[in-house]
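Have a look at the structure below, then the notes.
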Amino acid sequence: MTNSKYPEELLRSLEDYNIDMRDFMPGHGSGAKLLLDFNKVKGLEQVDGVILKSREIENGIVADIIIKEGTKIEDPVHLCFGVNKETGIQEIFPRIIAEDNTEVTLQAHCSFPNANGLIHKMFGHFYIGKNCKFTYNETHYHGEKSGATVAPVAYIYVGEDSVFDNIFNLTKGTPGKVKIMIDIYAMKNSVIRSTIRAYGKNKNDSIRIRDSVFLEGENARSIIKMKAAAKDGGEVLMYGITEGNAPHCNGHVECNEIVLGKGSICRARPFIRAIDPSSSVSHEASLGRFPQKWLDEIQAKGLSEDEAIQILIEAMLRET
Amino acid sequence: MEHNQKGEVDSNLLLELKDIVIPTLDKKQIILNQTSFGVEEGSIHAIIGPNGSGKSTLAYTIMGLGNFKPSQGKIIFDGIDITNLDITERANLGITLAWQEPARIEGLSIPKYISLGVEDKKNINKIILEALKIVNLEPEKYMNRYIDESLSGGERKRIELAAAIAMRPKLIMLDEPDSGLDMIVIEDFLNIFNKIKDLNMTILLITHREDIGMVADHGTLIWRGEHLLTDTFPKVMVRYCARAGLKEFCKRTLFDDNGECPALDSDYIDRIFREEGMD
């Protein structure tokens, strides 16, 4: 177990998420954990059935996370990729394997509270075996200067009869330049639920997210939910992609984006494809302002239109 | 309280509509014509009429929704002319509306939703708990929940009602609170309306169900965009049934087990049905 001091500022930046910072410290809390301070491993703790290994490389780390067959753990495995510095390059190469019949939640926090020219890249591979329940919950905080450039890429294979929940939150602080690409390959009878939330708050925030599900196995099912807001010149582009490539598979893409203030742009580009006549893939998208009925419902309680909009954004982007 | 045919009354009015005409958004048609009536403070006042007669339009206009503006007439609330005030200003004067399809804003916690209109932030938890109890929701089951698809239609309506009660408004308008609810729930809602009245709030109840209106002290009948009558609720009910040709239904609803309706003269129903040519 590595157990050196972890920058308190990084931990404090997680308090907004109602996380007890002590749980992140090696030797505290009950879950497995991997803590990174820039490109140095500051904490690594395993639990029964979970193997965590990491190797430092020039600009980051390679991390292997293996959930052994049949392991079912309630406490999430915490991955904390923090950078306290304003600038630099952090590259993460996670390789994650959940063997058959496992149930686990990976909780990843990427916290860059002082970012001002910082670059974070991730290139991840996930292999989820058969009959697993796997949740990957990634939350980002990029500080308040729109000073981060963040480019994660993830390839995810989900085995037969498995359920994979993907949750990505980028709603607090100012994101900066963000380009995310997620490809999920769904095998027979698997279920994919992917929810992405993002909020661009000024003209220096540009968020592009591509979330793709390829339904490759018979009876595979998926839903992608993309929720975003852009204000005061912020820009958000969401690509929601689903391909139905197998018999009786079923997928849906849903995109809701709210535009606030002059110069803000929200774009949604759903792409759906079905090549099997028994498959079904659908999409729906709404962009612009909130429905007037929703605003009326709140304003009838005495709030102004601006206050009502803030309440609705808070509700739409509520992190789970 | 005595009403004349126009629904004008002399005493203790919280809300007065004076010659209100409500057009469609493009102003090419009239949704509700020349309507005047008053709502007494502390009362339950029912607006009844068939589907599409303009009842909800009237509620939206009183609330001040942007797409519902009268082309003529005045709305007086608590002695203030609110005709040109917007929805927020009216809500801050003490008017609110519980919607027919309420609590649609998924992602808000239930306590947050209920507290939206509460001014007394110091006692906010106490106010939320009280409001939940009034609408017969057990606080321990709802304080940590969010508005989401797991809530039933009845729960959403109760939560909406709790949010309205927590505001402590002078006037709560309830837009078809009975829609989509079973009889057991409706019976419970009638009790809740009386609890709201006991808190010195005035209720304007929009409904097309006559049995719901029976809880009201007074009523107004809107028929195909026309204000026909404002009076005691049984009289309004008789006129409604006479217009619709529902004599047996009328008697069944109004008469007690002894075949009597103390609120009406013995020949009142026959007379009104004759007037409407439905005898």
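A short reminder: the numbers here are calculations on the coordinates, not readings from a lab. Bear in mind that the values here come from a model prediction, so they are computed numbers and not experimental data. Note that we place each Cβ from the backbone using ideal geometry, even for glycine, and neighbour counts take in every protein chain shown.
Numbers for the structure displayed
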item	result
Anisotropy class of the stretch B:103-168 from Cα gyration tensor, a/c 1.5 cut	prolate
Overall form of the stretch B:185-250 per C-alpha gyration tensor (a/c, 1.5; a/b vs b/c)	prolate
Length released on extending from A:Lys203 to A:Ser286, taking residue separation times 0.36 nm less the Cα-Cα span	27.7 nm
Whole-number D in µm²/s for the protein assembly as shown (Stokes-Einstein; Kirkwood sum over Cα pairs; 25 °C, 0.890 mPa s)	89
Distant-in-sequence amide H partners of B:Ile47 (H built 1.01 Å from N, under 5 Å)	B:Leu205, B:Ile206, B:Thr207, B:Thr220
Sorted largest first, extent of the stretch B:126-262 alpha carbons per principal axis (Å)	50, 32, 28
Least to most buried among B:Ser266, A:Ser194, A:Ser111 (fewest other Cβ within 10 Å first)	B:Ser266, A:Ser194, A:Ser111
Likely footprinting exposure, A:Ser190, A:Ser264, A:Ser30, fewest C-beta neighbours within 10 Å first	A:Ser30, A:Ser264, A:Ser190
Residue-averaged 222 nm ellipticity for chain B, from DSSP H runs of 4+ at -39500 (n - 2.57), nearest 500	-10000 deg cm²/dmol
Residues B:Val238, A:Val47 arranged by fewest to most Cβ contacts within 10 Å	A:Val47, B:Val238
Separation of alpha-carbon centers, the stretch A:270-295 and the stretch B:138-154, rounded to whole Å	27
Amide H partners (placed H, <5 Å) of A:Asn84, local residues excluded	A:Phe38
At R0 = 56 Å, FRET efficiency that the Cβ-Cβ distance of A:Ala151 and B:Asn144 yields, to 0.05	0.90
Environment charge of B:Leu129, counting only residues whose C-beta is closer than 11 Å and scoring Lys/Arg +1, Asp/Glu -1	-1
Where no second cysteine Cβ lies under 4.7 Å, the cysteines concerned in the protein assembly as shown	A:Cys80, A:Cys110, A:Cys132, A:Cys249, A:Cys255, A:Cys266, B:Cys261
Residue-count net charge about A:Thr149 - beta-carbon cut-off 10 Å; Lys, Arg +1, Asp, Glu -1	+3
Pair B:Ala263, B:Asp211: separation of 7 Å Cα→Cβ label points (nm)	1.6
Distance between the stretch A:73-129 and the stretch B:15-91 - C-alpha centres, whole angstrom	57
J(HN,Hα) series, the stretch B:175-190, from Karplus relation 6.51 cos²θ - 1.76 cosθ + 1.60, nearest Hz, glycine and proline x	8, 6, x, 8, 5, x, 10, 7, 4, 5, 5, 4, 4, 5, 5, 4
When each of B:Lys126/B:Lys195; A:Lys133/A:Lys188; A:Lys172/A:Lys227; B:Lys18/B:Lys235; A:Lys293/B:Lys112; A:Lys40/A:Lys231 is checked by Cα-Cα distance, pairs over 25 Å	A:Lys40/A:Lys231
Under 14 Å, Cβ to Cβ, from A:Gly302 - net charge with Lys/Arg +1 and Asp/Glu -1	-4
Placed amide H near A:Ser282: partners under 5 Å, 5+ positions off or other chain	A:Gly251, A:His252, A:Val253
Farthest positive-ward along the stretch A:2-288 dipole, Cα basis, beta-carbon charges - from A:Leu118, A:Asn202, A:Ile128	A:Asn202
Overall form of chain A per C-alpha gyration tensor (a/c, 1.5; a/b vs b/c)	oblate
Helix B:233-244 vs. chain B, principal-axis angle (Cα, 0 to 90°, nearest 10)	60
